[in-house]
Structure formats: structure tokens, C-alpha cells
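> Take this structure, written in C-alpha cells, and hold onto it; I'll ask about it next.
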Amino acid sequence: MGKHTILIVDDDQLILNTLKQRFDSWESEVYAVGTPEEAKQVLQTATPDIILLDLLLTKEDGSSGILDYIKSDPRLENVPVIALTNLDKPELKQMLLDQGVKEYWIKGSMSMDELYGKVMEYLEPKK
């Protein structure tokens with residue numbers, strides 16, 4: 001089991017800190033940022049194994065700007081992006097899946113343990 005790199009983008013500091021602590025305890029390199037600009041700065045130098053992206057970012061161009069940025073960089077095009085949101089909107093979910101987001105997870109519908117387990121399925125697929 002190698003060290004994984006995880007990028008978490010969420011403007012909710014509590015969620016950011018909780019997820020960062022959880023993944024840090026697993027010897028992952030975790031980048032936890034609160035704005036699209038910070039996310040883009042990380043992505044200029046790091047290639048994460050997975051990106052957890054909150055959809056309702058309050059600053060600048062929000063999540064769509066990050067998705068466009070990821071798609072425009074061949075180095076990042078195969079990195080799975082997981083949308084994390086409080087919005088249970090089927091049309092938004094379908095639009096994001098069409099844009100290449102791998103999964104659409106409703107924050108309130110799963111525990112931190114479940115979220116962690118699902119992320120681990122991406123990082124450590126069962127053979």
C-alpha cells in the first residue's frame with residue numbers, strides 16, 4: 001500500500017479539517033483547500049490520486065472552473081473527481097456525471113466512515 005495523494009476542496013472548514021485528519025491518519029498526502037484558486041495552485045504541481053470537490057464553493061468560478069481546469073490538463077484527465085454536496089438534485093447529478101465526475105455523494109446521507117471507505121475503494125481497488 002503506497003502513499004496516496006488526495007485533494008479535498010470544500011469551503012466548509014469543519015468538513016475540510018475532519019476529512020484531512022481522517023486521511024492524514026492513513027499516511028496519505030492530503031491537500032485541503034477552501035477555494036478554486038487554491039485548488040488550481042495545488043493542481044499545478046501535484047497530481048492527486050483522487051479529488052473530493054464540494055459543489056457550492058462561494059469564491060470565484062466555483063466547482064465548474066476546477067472541472068474545466070482538470071479537463072484541460074492531460075496530466076489530470078484520469079484523476080477521479082467525486083462531487084460532494086448537500087444538493088440532492090438529479091438533474092445536477094446527471095450534468096456532472098456527463099462532465100466526467102465519477103460519483104455524486106450527498107454529504108448528509110453518509111457518515112465520515114462511509115465516505116472514507118468509498119474513497120479507499122478508489123485508492124485501493126480490490127483485486
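> Restricting things to alpha carbons, tell me how big the chain is in terms of Rg and Dmax, in Å.
13.5, 41
> Over the range 1-52, what portion of Cα pair distances is larger than 14 Å, expressed as a whole percent? Provide the component values of the computation, followed by the final result.
Working: 621 of 1326 pairs.
Every Cα pair in the range 1-52 considered, those over 14 Å come to 47 percent.
> Under 15 Å between alpha carbons, and skipping anything fewer than 8 positions from Lys3 in its own chain: which aspartates and glutamates qualify?
In chain and number order, the partners are Asp24, Glu27, Glu29, Asp49, Glu121, Glu124.
> Per DSSP helix of 4 or more residues, -39500 (n - 2.57); summed, then divided by the residues of the chain. What does that give at 222 nm, rounded to the nearest 500?
Working: 5 runs with 54 residues, N = 127.
Value at 222 nm, helices only: -13000 deg cm²/dmol.
> Still on this model: Whole Å is fine, so just give me how far the alpha carbon centre of the range 4-20 lies from that of the range 77-100.
Using only Cα atoms, the two centres lie 17 Å from each other.
> While we're looking at this one, here's another question. Give the range of the longest stretch in the chain that excludes all GluC sites (Glu not before Pro) found in loop regions by DSSP and having at most 13 other beta-carbon atoms within 10 Å.
Values: sites that count: Glu27, Glu60, Glu77.
Value returned for the longest uninterrupted segment is 78-127.
Bear in mind these aren't lab numbers, they're just calculated from the coordinates by the rules spelled out. Since we're looking at a predicted model, the values are computed, not measured. Cβ: placed from backbone, ideal geometry, glycine included. Neighbour counts: every protein chain shown.
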